[in-house]
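Colleague: Sending over a structure as structure tokens; questions will come in a sec.
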Ligand code: 4NP
């Protein structure tokens with residue numbers, strides 16, 4: 001089993017979007033039993049909330065469902081997950097500050113580093129204070145990165161067979 005946790009600031013816009021996309025792609029490929037997916041926020045303001053209605057509507061219009069409830073990332077997440085996939089560099093820094101040791105820090109990645117077409121250091125922009133088109137962009141960015149991530153995971157899973 002490979003365990004993934006997508007991480008953003010509030011856990012109501014970007015990381016729930018990435019989580020919903022990844023769940024959908026894994027189901028399509030019959031890999032949902034082999035990869036566990038979750039998401040969390042570095043901040044705690046929205047704990048217990050469903051994803052932002054704009055994120056849910058953007059996903060729904062494309063045939064995806066976002067059904068996460070917001071939670072805040074904890075140090076124990078570094079033991080539970082193989083990868084902590086950060087949306088931006090501020091998330092990376094917050095995760096680094098929380099990581100209990102070097103092995104934990106090595107699990108942190110920028111999500112877009114899995115998108116071969118994204119420049120080095122590319123981030124998923126925070127759509128919270130912007131318009132609806134920000135959510136469309138976030139969806140496209142997350143989908144491209146999740147497809148790249150899935151392609152890499154598939155190689156590992158095939159080697160493990
Ligand atoms: P997210 O977006 O990190 O993609 O979930 C945000 C949601 C809420 C806030 C900031 C970003 N906020 O400041 O409450």
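Colleague: Yes or no: segment 94-101 includes at least one residue that is in contact with a strand residue (DSSP E or B) (Cβ under 6 Å, 6 or more places away or on another chain) and modelled with pLDDT of 95 or more.
Modeller: As a first pass, look at segment 94-101 and keep what is in contact with a strand residue (DSSP E or B) (Cβ under 6 Å, 6 or more places away or on another chain): 95.
So of that shortlist, the ones also modelled with pLDDT of 95 or more come out as 95.
Yes, some residue in segment 94-101 is in contact with a strand residue (DSSP E or B) (Cβ under 6 Å, 6 or more places away or on another chain) and modelled with pLDDT of 95 or more.
Colleague: Looking at segment 100-123, is at least one residue touching a helix residue (DSSP H, G or I) at 6+ places or on another chain (Cβ under 8 Å), over 17 Å from residue 5 (Cα atoms) and within 16 Å of the ligand (Cβ to nearest atom)?
Modeller: Looking for residues that are touching a helix residue (DSSP H, G or I) at 6+ places or on another chain (Cβ under 8 Å), over 17 Å from residue 5 (Cα atoms) and within 16 Å of the ligand (Cβ to nearest atom), one finds at least one in segment 100-123, hence yes.
Colleague: From the list 157, 149, 84, 111, exactly one residue is surrounded by 14 or more Cβ atoms within 10 Å (Cβ to Cβ), in contact with a strand residue (DSSP E or B) (Cβ under 8 Å, 6 or more places away or on another chain), in contact (Cβ under 8 Å) with a residue 60 or more places away in the chain and more than 17 Å from residue 17 (Cα to Cα). Which is it?
Modeller: 157
Colleague: Which condition number in (1) in contact with a helix residue (DSSP H, G or I) (Cβ under 9 Å, 6 or more places away or on another chain); (2) more than 14 Å from the ligand (Cβ to nearest atom) is the one that residue 97 fails?
Modeller: That leaves (1) as the condition not met.
Colleague: Determine, yes or no, whether residue 138 is surrounded by 15 or more Cβ atoms within 10 Å (Cβ to Cβ), in a loop (DSSP other than H, G, I, E, B) and modelled with pLDDT of 95 or more.
Modeller: So residue 138 does not fit the description; no.
Colleague: Please go through segment 5-53 and give me each residue that is within 16 Å of the ligand (Cβ to nearest atom), in a helix (DSSP H, G or I) and within 21 Å of residue 111 (Cα to Cα), ordered by number.
Modeller: Listed by number, the residues that qualify are 14, 15, 16, 17, 18, 19, 20, 21, 22.
The values are calculated or read from the model by the stated rules, or taken from the named source; none is laboratory data. Everything numeric here is computed off the predicted structure, so don't read it as measured data. Counting neighbours? That spans all protein chains shown, and the Cβs are built from the backbone with ideal geometry, glycine included.
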